[in-house]
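Report on the following structure.
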Amino acid sequence: MTPLAKYIWLIRLLQKADMTFGEINNQWLRDRRNTEDENIPILKRTFHNHINAIRKEYGIRIECGRGYKYYIADPDKNVGTKVELLSVLNMLSETVADGKLNKSLYVEDYFDLFRDEKVKVVMDAIKTRHKVRLANMRNIRKTDKYLVLTIAPYQLHYISSKWYIIGQTDEFGLMRIPLSYYRGSGRITDVSYNYPSKYTEEEYCKMIYGISNESVNLTIKISRPILDYDKYPLMPFQQNVEYTSKLTHLWFSKYTPVYSAIINFELPKSAFALYTLKNKLVKYHYKVMNDVDPFELFTEEQYNEAMSIPVIL
């Protein structure tokens, strides 16, 4: 069982009930019966390492309360969307070949995976390396060059509440396609494909955000950062990060340390790239440090268009 799978197991267990360390260990031994982990209990130190990793990497707090029982400290234990994310990452890490997990799935912090049947189909196609056929039956009476596509799926992206598929189409070559453009679930074909051998970080960025000969420099300041931005960059185009802290007098405390981070980006001059970053920043308290706000380069109509139509890369 991978560390990520153990995190998911522990979170789901504590979603059902608060438990002592001994009760957690007993349940672990019952669940792992007839497996490679049979009769191997969890060490207390390992258990606390798991708790620390879950809090630091996924923002889910597990604490020890009355009766030495561990519990999920999030309000109303509402961690379902986070567990869905962990489950998807774990599934892909166990099945996607060649260690290309991070380049096959790109997601934001929260999403509802199982609303769209097409997502399941594409994920299965990525795992088995088979092409997918998508059809837009809504426009069957109209002239639509994107009406039917056969695509070798390289990546799935979830950006601003929309799923995108990146891959090589038989009809138009490399494309970024919003799955919402196509009605129905799609289907996996019998035609297999090989994952690109030359899959560099530069090409990865281009495939997500489009190709642009012009770039935009952007500097933002985030107050009270909750992530290690060096380890978990907001965007592939993120450059150097500067962390600062200062003591500030607040009404509920004499002096409280306030942390902030200044992050630099060099993005392609693309509505898709800027829109994506801006939507990722919504959940942070941030300030644009540029004299001219790069987010104002495009109109709202241009941003919406960049997020909603198929794009040939």
- With a ≥ b ≥ c from the Cα gyration tensor eigenvalues, square-rooted, and the rule rounded for a/c under 1.5, otherwise prolate when a/b > b/c and oblate otherwise, region 165-229 is prolate
- Note on the structure: XL table 56/221; 6/221; 221/278; 16/69; 162/280; Cα-Cα > 24 Å flagged, in table order, is 6/221
- Can you tell me how much longer the chain between residue 183 and residue 280 gets when fully stretched, taken as 0.36 nm per residue apart minus their C-alpha distance, in nm with one decimal? 32.2 nm
- Note on the structure: Over 23 Å (Cα to Cα) among 127/198; 131/269; 246/287 -> 131/269
- If you plug each phi of region 215-221 into the Karplus form 6.51 cos²θ - 1.76 cosθ + 1.60 with θ = phi - 60°, what whole-Hz ³J(HN,Hα) values come out, in order, with x for Gly and Pro? 10, 10, 8, 9, 10, 10, 10
- Task: Keeping all protein chains in position, work out how much accessible area residue 50 exposes to a 1.4 Å probe, and write it in Å² to the nearest 10.
- Result: 30
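How much of the accessible area of region 162-209, probe 1.4 Å, is carbon plus sulfur, in whole percent?
The nonpolar share, carbon plus sulfur, comes to 46 percent.
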- Query: What spacing in nm lies between the two simple spin-label points modelled at residue 190 and residue 308, each 7 Å away from Cα in the Cβ direction?
  - Reply: 4.0
- Task: Would you please name the GluC sites (Glu not before Pro) within region 152-250 that are DSSP coil residues with at most 11 other C-beta atoms within 10 Å of their C-beta?
- Result: 214
- Between residue 232 and residue 63, how many nm apart are label points set 7 Å from Cα along the C-beta direction? 1.9
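The values are calculated or read from the model by the stated rules, or taken from the named source; none is laboratory data. Only a predicted model underlies this, so the values are computations on that prediction, with no experimental measurement involved. Methodologically, a virtual Cβ is constructed for each residue, glycine included, from the backbone with ideal geometry; neighbour enumeration extends over all protein chains shown. Heads up: the accessible areas ignore ligands, DNA and RNA and are worked out on the full protein's heavy atoms, side chains in. Shrake-Rupley method; radii C 1.70, N 1.55, O 1.52, S 1.80 Å.
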